1. To the nearest 500 deg cm²/dmol, what mean residue ellipticity at 222 nm is calculated for chain A from DSSP H runs of n ≥ 4 alone, each contributing -39,500 (n - 2.57), summed and divided by the residues?
2. What does the extension gain come out to for B:ASP350 and B:ASP243, with contour length at 0.36 nm per residue minus their alpha carbon separation?
3. What FRET efficiency do you get for B:SER61 and B:VAL544 if R0 is 45 Å and r is their Cβ-Cβ distance, rounded to the nearest 0.05?
4. Taking Cα atoms, how many degrees apart are the long axis of helix B:477-495 and the longest axis of chain B, rounded to 10 and kept between 0 and 90?
5. Once you list every other residue whose beta carbon is under 9 Å from the beta carbon of B:TYR10, what net charge do they have if Lys and Arg are +1 and Asp and Glu are -1?
6. Measure off 7 Å from each Cα along the Cα-to-Cβ vector at B:ASP326 and A:ALA126, then give the distance between these two points in nanometres to one decimal.
7. Only helical DSSP H runs with n ≥ 4 go in: add -39500 (n - 2.57) per run for chain B, normalise by residue count and round the 222 nm mean residue ellipticity to 500 deg cm²/dmol.
8. Give the aspartates and glutamates reachable from A:LYS197 as a straight Cα distance under 14 Å; neighbours fewer than 8 places away on the same chain don't count.
Amino acid sequence: MTCDALVVGAGIAGLQASLDLADQGKRVLLVERQPSIGGHMINLSKVFPTLDCASCITTPRMASVAHHPNIEMRTYTEVDRIEPVGDRFRARITQKPRFVDEGLCIGCKRCEEECVIYVPDEYDHALGCKKAISIPFTNAIPQLPVLDMDMCLLCGACAKACPTDAIDFRQQPITEEVEVGAVIVTTGYETTPMDAKKQYGGGVLPNVISPFQAERLLAPHGPYGGVMRPSDGKIPSSVAFVQCAGSRDASLGVPYCSRVCCMYAIKQAMLMSGSLPVADITIYYMDIRAFGKGYEQFYQNAKAMGIEFVKAKVAKISEDEEHGVKVRIERQDDGCRPEEVTHDLVVLSLGMVPAWVPSRDGIVPLEEETDRFLKTRSILTPSLTSMRGVFAAGTATGPKDIVDTIVEASAAALEVANYLESQLAGAAR
Amino acid sequence: MSRGPQVGVYVCHCGGNISDVVDVEKVAAELAKHPDVKVEKSYAFMCSDPGQQLIIEDIRSEGIDRVVVAACSPALHEQTFRSALQRAGLNPYLYENVNIREQVSWVHKGNHESATAKAIRLTRAGVEKVSRQDPLEAIRVNAEPRVCVIGAGVAGMRAALAAAKRGLPVTLIDKADRVGGHLLELDVVYPTGEKAADLIDELEHEIAGEDRIELLLDADVEGVDGYVGSFTVQVAARGEGADRREIKAGALIVATGFSHYEPHAGEFGYGQDVVPEVLTLPQFNSLLRGDAGDYLRVGGRDVRNVALIHCVGSRQTPGVHEPQPDGKVNDYCSRVCCTAAFHTVNRLLDRFPAVQVYEVYKDVRTYGRGHDELYEQASKKGVLFFRYDDEGLPVVVDGKLRVRDWLTWGEEVEIPVDLVVLVTGMMPGDASKLIGSMKLPAGADRFLQEVHPKLRPVELANNGVMIAGTAQGPMDVLESCAAAEAAAGKAAILLSRGSIELDPFVARVRAEECDGCEKCLGECEYKDALTMRTRPEGGPKLAVVNAALCVGCGACVAVCPTRAIDLAGWSLDQFDAMVDALVAEVV
């Protein structure tokens, strides 16, 4: 297969870059390792500072990509290697087995209904359960189920229920070679692990949750249908956010600022205050970095809503016998005294680390910055990586929010289009 | 007998955004009773692929020829569903979007029953409207293959180059006599430490070598006429024998940049002949660029103690800070100033290590790659930090700076200073002629306002007009360059097809009803959108609509005494039927 550009990663950066390139008449192959496109954004409840419902604004982008005549999509597919061949690139990609025949499946969910095994739902960040064979989430694209072979009993109930005989227990990975003119790396981020900071409960306290779990609790179609704390389903009357729980912390190897945590915490605090009108909501912070357009005003609105902002670095998190979360702080604004405050639910505002390191395992030798995100060439051309013909956008080059990601993705698409034209012109000469 | 309209009604749960408040099954069931409704369904996310597929299947197999989706605001998904109709082979305008989220579930949370009744009324009105809908065709206008970039700072230069390399002729205009904008004020840029002059040279050299770019310096943009695909930009050269010219362009990129916040007289001691000297950060930067010898001297005095006050002209609070002439304070964060301040302080201390620096700040917002490093370097060089808030603004008087410091739990601190540097923020550059002539949207912060702050960050609501750089809001060089390339990409997408499609919802005149009274002409606010023509066959004059210039506001429709004018897709008959449906009893 031959294409103008390979886009690696179908989060919002990859979706936008693919659309902009395809709209400029370029043929795009978009590869995503998850079973659905949409990235982290489709998983969020609402986005700051507009408070738009994330599903509502991400699904149209996903649908446009899926229907664009110039875009070919490969989901549940890994990129094994990208190597330059002359002025172009050869890439090897491997599609993982879903154990469902894509050509036969009609997305009717009968297999899901019949399956008897429940597994933790990754889409709900393990707060809820799903069947061992299931479509990843309601608005997933494509609407194809994935069978979790590690959990499957091979009982055959799904195969019996399937009206088109699409279940294939023997499905094997499919490796494909593609030839492309340019590559855009939009592989995004993952959060720092919950157990990274031992002083913060080591990831085992049930009512200390990740920001993604908070997003799912707040989503209207979330796992509990409301905000409850995981240990006992109690509706929390006191919620706290711990800022810089995975950033600006050299002890974690993450000395940099992750740029989005202040804003997502403020947003989550606002949404919590909407869901839990009588709850006390506190944000423990070092600096509030509300630097984007309209963000400072958003922060001031949160303060006006009664959300309490306490400048304090959290020293330690533990729990009491009822799984209440004890937060040890030093209040800088009130006599500098150490204090222990108990909350029903605590959200750790985790930072961002790269989700994919292309140079690891020799996939493609792109240079990294000291922060381990991809290095870019100049402040005048933010999408150029260390390798000619390979471009990057979004959180692959460092933490950033959705709007900055979208701008970069459009910029990268433009750079790639120009690069491809110059290659053509060069070839013509 | 011809069959009547066959309407499909689809009610969206929007996860739970709608269905937690509105009984969506009941809405669907009530609509099923309408004689024109052939199919009715509800679904978790209509905008998702399977949701759209429901509609497509029904058009293909159930003979549906009109569609109503009751979901969120049309601003979000009208296009989504129109394209679904198109994929199914139906005219995309035989579609009506009913908003039962923003207009119902989000605003009537406490009352499920009346919310459901309202949703039923609105959806019925949608059915009445779509039943009377004609198939429409998008308006097609030619696209002039040229981009006009207004402003030749780093964003304008980058945008011009990006568009030109994309094969588009570009006219790049600036009022100054040279390119570079505010970048000319800087010595080196953060975080890379590159020489600003080198960056400008690089871009200037590339522009000179690009024969698709026409550069107009010393030129003022007086105004813009026309519409997407066919703008006319009036440019007046500055100076003696100033000539005027018109530039035809299919798309515009506005890169009019920012201006530095100018402190009020007396603001933190600014502009008063007192000790200490008070300068703004840009003034201090240009002072540092000069050769200051072995000692830092300002105003003829040696400087040993420098205090920087952050957030001057940014993050202001009404009632605390003095407003601008428009009555508003600058309540926004200027994004770049924290890092810019540390960048300057590090350079200052590298040259004059004996100087003691104090930073008086609210929050340190060194967010970007390499920014926190500058903060850390400053700390390691012995800079002392004091944190203030609006209840205890710093006071500069008699060689001292007094501030209530929240890093030492609210202690009143007095710092001896020879020099105070005000870390000033950004205000938008002058785009008033563009805003005036094109009705460009500006936000409460006075910067140009993009279509969607999340999803469409470099486009304005005015079709064919893009924004690049700090005309939109504070950003640094890297961010301005990314925005500029994105804007050029949007221009390229727009102009690449040779013609542009516009919505068909414009006024249309039934010639046989028009009696040439010209009342409509008096109401129309849009230049050349409506004109009177003589009929070749004789008789009264005829009102004629220029579909590309008409915005479909309906002012002409309202004053026409003969009902000769209608808006395509929003006819008076449709409104009559909708009103009847809205006031009819629910069950």
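1. Helices in chain A give a 222 nm mean residue ellipticity of -7000 deg cm²/dmol.
2. On the way: separation 107, 0.36 × 107 = 38.52 nm, distance 4.96 nm.
Roughly 33.6 nm would be gained on extension.
3. Numbers: r = 43 Å, r/R0 = 0.96.
Efficiency, rounded to the nearest 0.05: 0.55.
4. Value to nearest ten degrees: 30.
5. Net charge in that neighbourhood comes out at -1.
6. Taking the two extended label points, one gets 5.0 nm.
7. Estimated from H runs of four or more residues: -8500 deg cm²/dmol.
8. Cross-link targets: A:ASP249.
Bear in mind that the values in this text are calculations on the coordinates, not laboratory data. The structure presented is a predicted model; accordingly, all values stated were derived computationally and were not measured. We place every Cβ from the backbone using ideal geometry, glycine too, and count neighbours over all the protein chains shown.
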